[in-house]
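Visitor: Dropping a structure here in structure tokens format, bear with me for questions.
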Amino acid sequence: MIEKSDLNGITRRGVLISASAFGAGLALFPTLGGAQQIQSEGDKTMATITTPDGTNIFYKDWGPKDAQPIVFHHGWPLSSDDWDSQMLFFLSKGYRVIAHDRRGHGRSDQTDTGNDMDTYAADVAALARALDLKDAVHIGHSTGGGEVARYVARSEPGRVAKAALLGAVPPVMVQSENNPDGVPMEVFDGLRAALVANRAQFYLDIPSGPFYGFNRDGAAVSEGLIRNWWRQGMAGGAKAHYDCIAAFSETDFTEDLKAITVPTLVLHGDDDQVVPIENSADKAIKLLPNGTQKTYQGLSHGFFATHPDLVNADLLAFIES
């Protein structure tokens, strides 16, 4: 138990786990370095773009190309597959739905460089250019919420219509002189140590415990969610995941939040053991010029996966408002 942060980071193996799924001078984003392409691997076909530094970013793009796009940004250390429920739901409503695997995650290249928020946001800008996305709604969870904040704040005019931050890391997670009630650095050092020691076990302990609140008395544990979390995590690169811990915990998004003028929805569970609401959503909403906050009583960090019907309805109402 970390007293000041209210994180419970306790796993079955006693490893301190308190964070997960977080999951370029961006005044002008770099131009797209490679054209949109289809790469074939055996009998599998993957849609990718190539960024200016030569990194291949995998993405999904479903639905009518002339419909309003909704872009989903996943948390650490997962992939675009984490948004399956939301993508299928909004596809059925007639939207164009897009999700990418962040560099170093999922099916994108396992990079050992560029694993920082500026580069993540620049990769999103490259994707938006390649697909010519306009008036898009960007939805991010945890680390993906930080990615959304940085991208939207510095996006090209006309690219973004709205944004939604779910269980998101902004404004800043780590404890410091300027953020005295943040999460102590020792917690994130513990995450790095656990990843190095036994990443496979670490990626079982997180979803089995604090991520979905399955460590709470009376929790309805889903073995499928646990295994799917592990599957996504192990598909990515250890180096990128290690570096991303600093990216999601130490990046300060204060100025990004202040600069976001489009309508922004902030959703958070008040039993989030990973990104405590008092240090994130409750502070972020005060910085957003055009923000709306909704708190889910008793829900965990991974609330959009455990309660998709509830969250999908709220997101739809926001998008259509």
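Since every read-out is calculated from the coordinates, none of them should be taken as a lab result. None of the values given here were measured: they were computed from a predicted structure. In this analysis, Cβ positions are derived from the backbone assuming ideal geometry, glycine residues included, and neighbour counts consider all displayed protein chains.
Visitor: Sorted from fewest to most neighbouring beta carbons within 10 Å, what does the list Phe318, Phe248 look like?
Guide: Listing Phe318, Phe248 from fewest to most nearby Cβ atoms yields Phe318, Phe248.
Visitor: I've got another one for you. Once the chain is represented by equal point scatterers at the alpha-carbon sites, with solvent omitted, what log10 I(q)/I(0) does the Debye formula produce at q = 0.08, 0.13, 0.14 Å⁻¹?
Guide: -0.31, -0.87, -1.02
Visitor: Right, another one. Assuming 0.36 nm per residue, please report the length gained on full extension of the stretch Leu310 to Ser85 beyond their Cα-Cα distance.
Guide: 79.8 nm
Visitor: Another question, if that's okay. So for Thr251, Thr295, fewest C-beta neighbours within 10 Å to most, what's the order?
Guide: Going from sparsest to densest Cβ surroundings: Thr295, Thr251.
Visitor: Where the centre of each part is set by its Cα atoms, how far does segment 299-321 sit from segment 189-253, in angstrom?
Guide: Value for the Cα centre distance between the two parts: 22 Å.
Visitor: Let me ask something else. Under 15 Å from a point placed 7 Å out from the Cα of Ala246 along the Cα-to-Cβ direction: which residues of segment 99-129 have their backbone N that close?
Guide: 112-120
Visitor: Same structure, new question: Quickly estimate the mean residue ellipticity at 222 nm for the chain, helices only: each DSSP H run with n ≥ 4 gives -39500 (n - 2.57), and the total goes over all residues, rounded to 500.
Guide: -11000 deg cm²/dmol
Visitor: Hey, another quick one. Send over the Kirkwood Rh of segment 49-190, from the inverse of the averaged 1/r over different Cα pairs, rounded to one decimal Å.
Guide: 15.6
Visitor: HN-Hα J couplings of segment 244-254 from phi, Karplus 6.51/-1.76/1.60, θ = phi - 60°, integer Hz, Gly and Pro as x?
Guide: 5, 4, 5, 4, 7, 9, 10, 6, 9, 9, 4
Visitor: For the cross-link pairs Lys134/Lys283; Lys60/Lys258; Lys60/Lys294; Lys239/Lys286; Lys239/Lys294; Lys65/Lys283, which exceed 32 Å when the distance is taken from alpha carbon to alpha carbon?
Guide: Lys239/Lys286; Lys239/Lys294; Lys65/Lys283
Visitor: Rounded to whole Hz and in sequence order, give me ³J(HN,Hα) for segment 155-170 from the Karplus expression 6.51 cos²θ - 1.76 cosθ + 1.60, θ = phi - 60°, writing x for Gly and Pro.
Guide: Using θ = phi - 60°, the values come out as 6, 5, x, x, 7, 10, 9, 8, 9, 9, 10, 10, x, 7, 6, x Hz.
Visitor: Restricting to segment 34-320, compute how many DSSP beta bridges are antiparallel as a %, nearest 5.
Guide: 35
Visitor: Here is a follow-up. Going by amide H atoms built from the backbone, whose H comes under 5 Å of the H on Val183, apart from near neighbours?
Guide: Hits under the 5 Å cutoff: Val174, Gln175.
Visitor: Another question, then. How large is ³J(HN,Hα) for each residue in segment 76-81, as worked out from phi by the Karplus curve 6.51 cos²θ - 1.76 cosθ + 1.60 (θ = phi - 60°), to whole Hz, x for Gly and Pro?
Guide: Per residue, the Karplus-derived 3J(HN,Hα) values read 7, x, 8, 8, 4, 4 Hz.
Visitor: To the nearest 20 debye, what charge dipole does the chain have about its Cα centre, counting +1 at the Cβ of each Lys and Arg and -1 at the Cβ of each Asp and Glu?
Guide: The dipole magnitude comes to about 560 debye.
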